[in-house]
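Structure record follows, encoded as structure tokens.
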Amino acid sequence: MDKILVVYYSRTGTTKKVAEAIRDELDCDTEEIISIKNRSGAMGYLFCGKEAALKRVAEIKPVVKNPADYDLVIIGTPVWAWNISSPMRAYLMRNISKFKKIAAFCTMGGSGDKKAFAEIENICGIKLVASFTVLTKDAGSCDKTIKEFSQKIRE
Ligand SMILES: Cc1cc2nc3c(=O)[nH]c(=O)nc-3n(C[C@H](O)[C@H](O)[C@H](O)COP(=O)(O)O)c2cc1C
């Protein structure tokens, strides 16, 4: 069976919840991307929105796991201003050429996932083998979506 890593960034816990559900379903490793900047509160929200809209690269802490050691890396990010989050952009850009196969998921309030998935493919230079989106309000009740995604990953 393929060695799988779920890498995610989560500002307020939604994406983390989905990442942990995937980990439980696939019994795989996880890596959480940590932003160096404090992004909490209203000011943090505005800062994140601006960074994402301008496609800036955030400062992040060094990661522990090497994506090159995995057959498949599953990338999880919240949608920010119809883009991927700036900490996830930083992770992807730091690790270009280390990914063998990628899949992805987004969490979002309502729109922007397609653009976010396209950006992940653009940065990594390879196509996603699978992807799915969870609305923020459904993050606690997306077991069926995760099971279907995991099934596709295992095929
Ligand atoms: C700065 C910022 C911009 C956002 N922009 C969008 C957006 O363009 N489209 C959308 O559907 N949701 C948007 N959201 C909502 C988040 O994508 C959503 O709440 C997500 O589930 C949060 O994930 P997290 O709890 O893991 O941080 C935005 C949230 C933030 C903080």
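Check segment 96-114 and report whether any residue there is surrounded by 15 or more Cβ atoms within 10 Å (Cβ to Cβ), more than 16 Å from the ligand (Cβ to nearest atom) and within 10 Å of the chain's Cα centre (by Cα). Yes, segment 96-114 contains a residue that is surrounded by 15 or more Cβ atoms within 10 Å (Cβ to Cβ), more than 16 Å from the ligand (Cβ to nearest atom) and within 10 Å of the chain's Cα centre (by Cα).
Put simply, of Ser150, Ser131 the only residue that is farther than 30 Å from Gly44 by Cβ, surrounded by 15 or more Cβ atoms within 10 Å (Cβ to Cβ), among the small types (Gly, Ala, Ser) and touching a helix residue (DSSP H, G or I) at 6+ places or on another chain (Cβ under 8 Å) is Ser150.
In this entry, Glu59 passes the filter for residues that are in contact with a Ser or Thr (Cβ under 9 Å, 6 or more places away or on another chain) and not aliphatic (A, V, I, L, M). Residues of segment 78-90 include none that is touching a Pro at 6+ places or on another chain (Cβ under 8 Å) and either within 21 Å of Ile153 (Cβ to Cβ) or at pLDDT below 95 (or both). Of the set (1) away from the ligand (no atom under 11 Å from the Cβ); (2) surrounded by 17 or more Cβ atoms within 10 Å (Cβ to Cβ), all apply to Lys3 but (2).
Against the condition of a type in the set (Ser, Thr, Tyr), closer than 19 Å to Asp143 by Cα and touching a helix residue (DSSP H, G or I) at 6+ places or on another chain (Cβ under 7 Å), how does Thr15 come out, does it pass? For Thr15, the condition - of a type in the set (Ser, Thr, Tyr), closer than 19 Å to Asp143 by Cα and touching a helix residue (DSSP H, G or I) at 6+ places or on another chain (Cβ under 7 Å) - is not met. When segment 90-111 is filtered for residues that are without any contact (Cβ under 8 Å) to a residue 60 or more places away in the chain and among the polar types (S, T, N, Q), the ones remaining, listed by number, are Asn95, Ser97, Ser111. If you scan segment 6-23, which residues turn out to be buried (at least 20 other Cβ atoms within 10 Å of the Cβ) and either touching a His at 6+ places or on another chain (Cβ under 7 Å) or under 16 Å from Lys147 (Cβ atoms) (or both)? Result: Val6, Val18, Ala19, Ala21, Ile22. If the condition is being out of contact with any strand residue (DSSP E or B) (no Cβ under 6 Å at 6 or more places or on another chain) and either small (Gly, Ala, Ser) or more than 23 Å from Thr12 (Cβ to Cβ) (or both), then segment 73-103 contributes Ala81, Ser86, Met93, Arg94, Asn95, Ile96, Ser97, Lys98, Lys100. Of the residues Leu26, Leu54, the single one that is free of Cβ contacts under 8 Å to residues at least 24 places away in the same chain and more than 15 Å from the chain's Cα centre (by Cα) is Leu54. Scan segment 79-90 and tell me whether some residue there is closer than 25 Å to Ser150 by Cβ, surrounded by fewer than 17 Cβ atoms within 10 Å (Cβ to Cβ) and out of contact with any helix residue (DSSP H, G or I) (no Cβ under 6 Å at 6 or more places or on another chain). Checked segment 79-90: no residue is closer than 25 Å to Ser150 by Cβ, surrounded by fewer than 17 Cβ atoms within 10 Å (Cβ to Cβ) and out of contact with any helix residue (DSSP H, G or I) (no Cβ under 6 Å at 6 or more places or on another chain). When Ser35 is tested against (1) within 14 Å of the ligand (Cβ to nearest atom); (2) closer than 15 Å to Val6 by Cβ; (3) polar (S, T, N, Q); (4) free of Cβ contacts under 8 Å to residues at least 60 places away in the same chain, exactly one condition is not met: (2).
The values are calculated or read from the model by the stated rules, or taken from the named source; none is laboratory data. Keep in mind that what you see is a predicted model, and the values were worked out from it rather than measured. Every residue, glycine among them, receives a Cβ derived from its backbone with ideal geometry; neighbour counts consider all protein chains shown.
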